[in-house]
Amino acid sequence: MRFTFNNCVTVAASLLGLGQVQAQSQSTRQIAIVGAGAAGSSAAYFLQQFATQAGVHVNITLFEKTDRIGGRTRTINPFNDPAQRVEQGASIFVQANQIMFNAMTEFGLSQHVPDADADPKIAIWDGDCFVFTIDESAPTWWNTLKVILKYGLTAPQRAQELTAATITNFMRIYSGPFFPFQSLTQVAQDLGLSAATGVTGEQFLSANNIGVHYSHDIIQASTRVNYASNLANLHGLDTMVSLGANGATSVQGGNWQIFYEMAQRSGALIALNTSVVGIQKTTSDSQYTVQTTSSSTPGSPATYPGTFDNVVIANPYQFSGISARNGVLDSAIEQVPYVQLHVTHFTSASRLSPGFFDLPSGATVPGMVLTTLAQSDTATSGADGVGKAGFFSVNILGKATNPQTQQKEYVYKIFSPQAITPQFLSSLLGATVPATFTGGSSPITWHNPHVFQAYPKTSPRTTFQGPIVGSGVYYTSGMESFISTMETNALMGKNVARLIVDNMTAWESVKARDGEPWEKQRVLN
Ligand SMILES: Cc1cc2nc3c(=O)[nH]c(=O)nc-3n(C[C@H](O)[C@H](O)[C@H](O)COP(=O)(O)OP(=O)(O)OC[C@H]3O[C@@H](n4cnc5c(N)ncnc54)[C@H](O)[C@@H]3O)c2cc1C
Ligand SMILES: *[C@@H]1O[C@H](CO)[C@@H](O)[C@H](O)[C@H]1NC(C)=O
Ligand SMILES: *[C@@H]1O[C@H](CO)[C@@H](O)[C@H](O)[C@H]1NC(C)=O
Ligand SMILES: *[C@@H]1O[C@H](CO)[C@@H](O)[C@H](O)[C@H]1NC(C)=O
């Protein structure tokens, strides 16, 4: 059940009204969450769940700058037809991602069935030649044999074992004594994962005796498609995450639906089109107010009605446009360099041109082309790091029906560090693409470019911005320098929810012991 209050605000379920009545004997924690992506939606969902289990009351306001829930998890519609939507941002999660999997099941969402028109062949291009090809429709033994013939038996085997061992270590984060954690630096160390985050992927693989050819060709192709980084420019843990693709799946109709459901089921008051631009302490010093702008009146911040006991900042702070006044943050939230990634979708009746890849005309180019560095390339960070190939990946997601012709056409997706130009597309498709991309005799019938501040450039590190950044103020995006995925950011949201509810129950017991009202205890502290 959902009520519309006004343009910007919807309330999910009637939990608020219920809370109001019961709150008479018990205080209600007023909680602001800023950002309704994976982290913020998950924080809201688990806050409601943990509070209910603990018999305490929360009143959550979820602020979201855009008009939709999901953040970097979003879909777009080829030919502007919502029935044919494809992932534009975060596209897969894996078997080990228990928050995502459980939520999908619990919310009755179904797994995306791979498009029969998606091409199961994968090739790795280094800008000069294909260094490897895999046919996913061929028997496993055949692909295994191909790998062994080229790279030997031990490198792939050791890489697989190292990935499995790293995932096993990581999985302990979901339960005690590791969960909940107040310090990400400490939990990384306790889980034994600092050794992986403290070195580059290249160093980590070499320290584990994984052969350089296999690392350079196969593993690097996966770090480039997953994190737009060469092995020399991201840390060992993200390298393992890039390899841990067992049971990869996505939600039919869009992964964002998981976060949409979480937000709805949290009972939060959801303020869409509302940017938080300031956080301020109240005069009593124990609570916060937030200043917001609405997308219809962007220039004029106003103090949002109500005061908050807790504020959860659930987006990368440096891009949030929030100014935190004196005393809100214990110390500045670290700025981290992000990877700027161009994600280009387009539709075309044409396949990739064999000429572009120096294949004989008439040859069929595999439907997924990943890339690695050429022998002549040096691994650098930033846009140049892409090397001679010029892009990180191009793939055919499947087919969509062109409403003009009723014919099915290929839906392509390209990841690149710079905008994809008509010139580049002309040579990729072997036909002239005009400056307007579509129209006339263009081989492209629909075109959608987007730029993301995608994820941090994860250079080696062993300290991480933690979840507690002020008195009652929490932050989720420190997780991204450790691992940036839907699952891990949702996990950080869940962790913050646990910390807040644990803090509430601790206060309730102080109150019960001393007979003082909760508010008073907090001021005295
Ligand atoms: C192209 C791409 C591909 C990816 N592929 C994968 C993948 O396959 N699998 C995977 O697991 N992960 C993938 N990721 C990473 C994943 O998308 C992120 O780790 C995760 O979605 C981040 O979630 P978040 O909630 O922390 O942040 P975000 O999703 O960025 O959400 C933050 C929200 O806060 C809002 N906001 C910001 N500032 C304010 C403000 N001042 N006031 C109010 N609201 C504000 C934003 O509008 C946004 O909705 C990919 C990312 C990209 C860009
Ligand atoms: C948010 O703003 C957009 C564009 O300004 C508008 O179309 C949409 O209806 C608004 N949504 C809400 C919930 O206010
Ligand atoms: C819940 O929070 C909103 C602020 O978004 C406030 O207006 C409302 O009064 C609060 N309700 C309760 C029951 O505390
Ligand atoms: C609860 O959080 C407040 C604000 O951060 C803090 O001052 C207090 O010590 C915490 N209380 C408990 C019992 O954890």
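The values are calculated or read from the model by the stated rules, or taken from the named source; none is laboratory data. Quick caveat, the model's predicted, so the values are computed rather than measured. A quick note on method: Cβ atoms are made from the backbone with ideal geometry, for glycine too, and the neighbour counts reach across all protein chains shown.
Looking at (1) modelled with pLDDT of 95 or more; (2) assigned to a strand (DSSP E or B); (3) surrounded by fewer than 20 Cβ atoms within 10 Å (Cβ to Cβ), which is the one condition that is false for Ser300?
So the condition that Ser300 fails would be (1).
This table checks each residue for (1) surrounded by fewer than 24 Cβ atoms within 10 Å (Cβ to Cβ); (2) hydroxyl-bearing (Ser, Thr, Tyr); (3) not in a loop (DSSP other than H, G, I, E, B).
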residue	(1), (2), (3)
Gln30	yes, no, yes
Ala36	no, no, no
Ser41	no, yes, yes
Gln49	yes, no, yes
Ile60	no, no, yes
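Output the qualifying pairs, or none if there are none: Cβ atoms under 7 angstrom, residues six or more apart or on different chains, first residue in region 52-68 and of a type in the set (Asp, Glu), second residue near ligand 1 (Cβ under 9 Å from one of its atoms).
Glu64/Gly35; Glu64/Ala36; Glu64/Ala271; Glu64/Thr274
At pLDDT 95 or above and more than 24 Å from the chain's Cα centre (by Cα): does that describe Glu136?
It is false that Glu136 is at pLDDT 95 or above and more than 24 Å from the chain's Cα centre (by Cα).
So is Ala228 of a type outside the set (Phe, Trp, Tyr) and in contact with a Gly (Cβ under 7 Å, 6 or more places away or on another chain) or not?
Here the answer is no, as Ala228 does not meet what is asked.
Considering only region 319-409, give the strands (runs of 3 or more DSSP E) lying wholly within it that have at least 3 residues that are in contact with a His (Cβ under 9 Å, 6 or more places away or on another chain), among the β-branched types (Val, Ile, Thr) and under 23 Å from Pro434 (Cα atoms).
Result: 338-348.
Select from region 171-199 the residues that are under 17 Å from Gly244 (Cα atoms) and touching a residue at least 24 places away in the same chain (Cβ under 8 Å) and list them in ascending order.
Start the filter on region 171-199 by keeping residues that are under 17 Å from Gly244 (Cα atoms), which leaves 171-173, 193, 196-197.
Within region 171-199, Met171, Ile173, Leu193, Ala196, Thr197 meet the criteria.
State the number of residues belonging to region 219-248 that are surrounded by fewer than 23 Cβ atoms within 10 Å (Cβ to Cβ) and outside any helix (DSSP H, G or I).
5
Which of the following residues is among the β-branched types (Val, Ile, Thr) and modelled with pLDDT under 95: Thr347, Thr378?
Unique residue meeting the criteria: Thr378.
Can you report the number of residues in region 278-328 which are β-branched (Val, Ile, Thr), within 16 Å of ligand 3 (Cβ to nearest atom) and under 22 Å from Asn503 (Cβ atoms)?
Residues that pass the stated criteria total 7.
For region 214-239, what are the residues that are of a type outside the set (A, V, I, L, M) and under 18 Å from Gly390 (Cα atoms)? Reasoning before the result, please.
Taking region 214-239 as the starting set, the residues that turn out to be of a type outside the set (A, V, I, L, M) are 214-217, 220, 222-224, 226-227, 229-230, 233, 235-236, 238-239.
Scanning region 214-239 gives His216, Asp217, Gln220, Ser222, Thr223, Arg224, Asn226, Tyr227, Ser229, Asn230, Asn233.
Could you grab me the full set of residues in region 1-57 that are within 16 Å of ligand 1 (Cβ to nearest atom), among the hydrophobic types (A, V, I, L, M, F, W, C) and at pLDDT 95 or above?
Ile31, Ala32, Ile33, Val34, Ala36, Ala38, Ala39, Ala43, Ala44, Phe46, Leu47
Could you please find all residues in region 391-412 being crowded, with 20+ Cβ neighbours inside 10 Å and in contact with a Ser or Thr (Cβ under 8 Å, 6 or more places away or on another chain)?
Selection gives Phe391, Phe392, Ser393, Ala400, Glu409, Tyr410, Val411, Tyr412.
Among the candidates Ser484, Ser442, single out the residue that is crowded, with 19+ Cβ neighbours inside 10 Å, at pLDDT 95 or above, more than 16 Å from ligand 1 (Cβ to nearest atom) and not in a helix (DSSP H, G or I).
On inspection, the qualifying residue turns out to be Ser442.
Pick out the one residue from Ile313, Ile270 that is crowded, with 21+ Cβ neighbours inside 10 Å, within 16 Å of ligand 2 (Cβ to nearest atom) and farther than 30 Å from Pro114 by Cβ.
Residue meeting the stated conditions: Ile270.
I'd like to know if region 280-302 contains one or more residues that are within 10 Å of ligand 1 (Cβ to nearest atom) and over 16 Å from Glu64 (Cβ atoms).
Checking region 280-302: not a single residue is within 10 Å of ligand 1 (Cβ to nearest atom) and over 16 Å from Glu64 (Cβ atoms).
How many of the residues in region 343-386 are buried (at least 22 other Cβ atoms within 10 Å of the Cβ) and either among the aromatic types (Phe, Trp, Tyr) or more than 21 Å from Ile444 (Cα to Cα) (or both)?
Final tally of qualifying residues: 6.
So, in region 456-493, of the ones that are closer than 15 Å to Phe46 by Cβ and of a type in the set (Val, Ile, Thr), which residue ends up farthest from the chain's Cα centre (by Cα)?
Only one residue tops the list, namely Thr476.
Of the conditions (1) farther than 23 Å from Asn226 by Cβ; (2) surrounded by fewer than 23 Cβ atoms within 10 Å (Cβ to Cβ); (3) of a type in the set (A, V, I, L, M, F, W, C), Ala497 fails just one. Which one is it?
Going through (1) farther than 23 Å from Asn226 by Cβ; (2) surrounded by fewer than 23 Cβ atoms within 10 Å (Cβ to Cβ); (3) of a type in the set (A, V, I, L, M, F, W, C) one by one, Ala497 breaks only (2).
Touching a Phe, Trp or Tyr at 6+ places or on another chain (Cβ under 6 Å) and away from ligand 1 (no atom under 14 Å from the Cβ), is that true of Val496?
No; evaluated as a whole, the condition is false for this residue.
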